[in-house]
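Below: one structure, written as structure tokens.
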Amino acid sequence: MISRRVLLMSNAFGGATMAAYCWLRDRGIETAFQPATSPAAMLDADLWYAPDLILAPTLTTRVPAELFGKVVINHPGRLGDRGASSIDWGRWRRERFGGTTLLLAADGWDTGDVVHTTTFGYPTGPATKSWIYSHLNRGALLRGLERLLDAPVPRPLDYAHADVLGRWNDVLRAGDSTVDWSLAAEEVVWRVAARDGAPGVRAELLGEVVSVFDVHPAGPARGEPGEVVAWLPDSAVRVVCGPAGGDGLRDSVWVGHVKARGFKQPAAWWLGGRVSAWQDAPIPYRPVTTTLRGSVAVITAAAYNGAWSTGFCHAVASAVTAAARRTDVDQIVLRGGGTGPFGNGINLNHVYGAPAGVVASARANIRAINKVGLALFQARRDGVSVLVLLDGDAGAGGAFLSLCGDVVVAVPGRTFNYHYVGMGGLTGSEFHTLTLPSRMPDEEARSALLHDCLPLSADQAHRQGLVDYLAPEGLAGEDLTEWTHEFAVNHRDTGKRADRQRWRPLPTEAELAATQDRELRRIDADFASQEFQAALAAFVLKHPGPPPRAATEYRGAYAGSSRIRNVSMPGSESWSVSA
């Protein structure tokens with residue numbers, strides 16, 4: 001392994017970059033991050049950090065000529081694919097294969113020598129663009145990174161070779177990707193998924209051109225294409241589409257989110273009561289579902305983008321309570337939908353756009369997610385074992401909510417952020433001040449976790465005691481569901497109850513009430529602060545903020561400690577770098 005120090009340069013410290021950061025540090029490699037805001041900033045970072053390797057997991061800034069052959073660019077696309085929209089076009093054209101290619105920066109877009117390439121089959125169904133990036137492309141990036149550290153011989157990109165199957169792809173613009181409501185529901189769902197979570201697909205609704213997201217089949221309906229015939233409070237609207245059948249019925253879809261005034265909001269909020277008609281839909285929209293299998297109740301909570309709104313939290317809490325009260329249930333498994341993040345905490349878009357205002361909405365939402373935690377604790381007090389499956393990434397409230405269960409199981413390859421302060425100094429809730437010390441007894445380690453704002457891989461969370469078990473690598477969909485059920489049954493039947501209950505004894509209602517009161521008093525004040533409201537607006541409106549300061553320091557393996565010295569980069573405030 002030739003690289004002792006790796007510098008990550010990306011548009012932002014996002015999902016792919018965090019995954020690479022965790023992967024490198026899991027292997028003891030000194031790693032740091034700097035935003036690639038401009039060619040000049042990239043040159044400055046190279047001089048400042050003097051890395052052995054520069055990797056760009058996501059990059060839209062042109063690399064300066066001085067760094068040609070030194071920066072390795074992660075390009076989503078198979079061998080020969082070039083241009084910023086390779087994945088978008090691949091899904092839009094319904095191509096069978098996609099991929100990820102690591103190549104050296106060169107003069108021209110994606111023309112450099114190839115270091116590693118991976119080809120994978122796309123899902124046959126309408127998987128979202130964000131799922132493809134966070135699962136297939138991320139996994140391919142990490143496999144390529146492993147190969148990269150073994151010093152492979154770069155290969156020139158030569159379209160004369162028969163295995164170079166990719167092509168140049170112009171930017172897929174908004175006008176190229178639209179929804180015509182005369183199309184069948186299956187086609188509408190596919191088209192929106194191909195551009196979801198960003199930038200969405202243009203469509204006309206009620207005479208207004210909007211971008212639509214989070215679209216699912218809703219079953220047959222009466223009406224004309226594009227007609228809104230139903231809505232769910234604070235949630236989705238139902239839109240008629242497709243040709244009419246012999247019975248006069250057409251298809252319809254649920255549209256969960258709309259972007260019309262600068263940010264994504266629930267489609268029903270955008271609708272604003274302009275439609276009074278109502279038709280029941282035979283296919284529900286993103287329900288919180290409970291599936292019984294023997295004495296195991298699996299509750300699937302598939303929140304869009306992992307954002308748990310007030311209403312969604314109430315639905316999850318009700319599902320947990322109902323399952324725990326059944327006499328034929330002795331285990332509950334709480335999981336995400338498997339196609340997005342498990343949970344990132346309260347729904348910041350809802351908070352930002354709520355008619356009740358930011359402060360009132362945030363306070364209601366944090367109490368609602370705490371209600372889920374209380375329901376999990378109550379189920380455990382009633383003798384029902386609670387397993388939480390982190391089947392997607394998790395941040396802040398979602399990561400800490402998992403600690404309210406008996407056992408936490410995580411899927412390898414996911415990243416978790418156990419901290420709040422990056423969102424305008426929030427102190428957080430979800431009973432983390434009660435649950436975290438039992439899993440991480442060292443106070444210094446807890447402080448670093450909460451204030452450094454650095455991600456943990458599933459492996460590292462397991463090693464640090466925040467995750468109890470790791471699922472087998474590579475399982476997803478029905479395979480993961482089947483394994484989870486087998487695991488739950490085996491976990492019950494082994495009789496290892498000390499392993500199933502972290503709390504001895506479980507916290508009493510009085511302890512939970514005192515913890516919640518203490519946490520809420522602090523976070524209620526946080527919500528009213530200008531710092532939080534500025535950070536909230538920046539997050540919702542997609543204005544990039546600074547990365548965690550700790551991420552801009554060279555750090556190696558998580559285990560052990562490094563001496564830190566304070567230095568100052570010219571033109572910057574004081575920061576810390578490993579000595």
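The values are calculated or read from the model by the stated rules, or taken from the named source; none is laboratory data. As the structure is a computational prediction, the values presented were derived from the model and not from experiment. Reconstructed Cβ throughout: ideal geometry from the backbone, glycine too, with neighbour counts over all protein chains shown.
Need a quick list: helices (runs of 4 or more DSSP H) entirely within segment 367-484 having at least 3 residues that are in contact (Cβ under 8 Å) with a residue 40 or more places away in the chain and over 20 Å from residue 347 (Cα atoms).
Working: elements: 396-401, 432-439, 443-451, 458-463.
Once the helices (runs of 4 or more DSSP H) in segment 367-484 are filtered for at least 3 residues that are in contact (Cβ under 8 Å) with a residue 40 or more places away in the chain and over 20 Å from residue 347 (Cα atoms), what remains is 432-439, 458-463.
Looking only at residues of segment 228-255 that are surrounded by fewer than 20 Cβ atoms within 10 Å (Cβ to Cβ) and among the acidic types (Asp, Glu), we find that the one that is nearest to the chain's Cα centre (by Cα) is 234.
Please pick out the residue among 408, 358 that is touching a helix residue (DSSP H, G or I) at 6+ places or on another chain (Cβ under 9 Å), farther than 21 Å from residue 15 by Cβ, in the same structural domain as residue 517 (by TED's automatic domain parsing) and of a type in the set (A, V, I, L, M). Steps first, answer last, please.
Details: 408 fails: farther than 21 Å from residue 15 by Cβ.
Every option except 358 fails the conditions.
Residue count for segment 290-309 under the criterion of being surrounded by fewer than 17 Cβ atoms within 10 Å (Cβ to Cβ) and touching a Pro at 6+ places or on another chain (Cβ under 6 Å): the result is 0. Taken together, 253, 240, 275, 212 contain a single residue that is at pLDDT 95 or above, farther than 21 Å from residue 197 by Cβ and β-branched (Val, Ile, Thr), which is 240.
When segment 14-59 is filtered for residues that are out of contact with any helix residue (DSSP H, G or I) (no Cβ under 6 Å at 6 or more places or on another chain) and either among the basic types (Lys, Arg) or assigned to a loop (DSSP other than H, G, I, E, B) (or both), the ones remaining, listed by number, are 14, 25, 27, 28, 29, 37, 38, 50, 51, 52, 59. Based on this model, can you work out whether residue 170 counts as modelled with pLDDT under 95 and surrounded by fewer than 13 Cβ atoms within 10 Å (Cβ to Cβ)? The answer is yes for residue 170.
Each residue in segment 290-330 was checked for being part of a loop (DSSP other than H, G, I, E, B) and among the aliphatic types (A, V, I, L, M), and 5 of them qualify. Picking from residues in segment 99-115 that are surrounded by 23 or more Cβ atoms within 10 Å (Cβ to Cβ) and not polar (S, T, N, Q), the one that is farthest from residue 68 (Cα to Cα) is 99.
Each row is one residue, and each column tells you yes or no for (1) outside the structural domain of residue 336 (by TED's automatic domain parsing); (2) at pLDDT below 95; (3) under 30 Å from residue 7 (Cα atoms).
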position	(1), (2), (3)
130	yes, yes, yes
135	yes, yes, yes
139	yes, yes, yes
153	yes, yes, yes
163	yes, yes, no
184	yes, no, no
192	yes, no, no
200	yes, yes, no
216	yes, no, no
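Note on segment 271-289: residues that are more than 14 Å from residue 229 (Cβ to Cβ) and buried (at least 17 other Cβ atoms within 10 Å of the Cβ) total 2. For residue 208, the conditions (1) surrounded by fewer than 16 Cβ atoms within 10 Å (Cβ to Cβ); (2) closer than 17 Å to residue 254 by Cβ are fulfilled apart from (2). If you go through segment 69-110 and keep only what is touching a His at 6+ places or on another chain (Cβ under 8 Å) and acidic (Asp, Glu), you end up with 81, 110. In segment 256-268, of all residues being aliphatic (A, V, I, L, M) and closer than 14 Å to residue 239 by Cβ, the one that is surrounded by the fewest Cβ atoms within 10 Å (Cβ to Cβ) corresponds to 268. Within segment 349-368, being under 18 Å from the mean Cα position of the chain (by Cα) and buried (at least 24 other Cβ atoms within 10 Å of the Cβ) holds for one residue alone: 350.
Of the residues 325, 335, the single one that is surrounded by fewer than 24 Cβ atoms within 10 Å (Cβ to Cβ) and over 14 Å from residue 288 (Cβ atoms) is 325.
If you check 25, 94, 78, which single one turns out to be assigned by TED's automatic domain parsing to the domain that holds residue 118 and surrounded by fewer than 21 Cβ atoms within 10 Å (Cβ to Cβ)?
Working: 25 fails: surrounded by fewer than 21 Cβ atoms within 10 Å (Cβ to Cβ); 78 fails: surrounded by fewer than 21 Cβ atoms within 10 Å (Cβ to Cβ).
Criteria check complete, one pass: 94.
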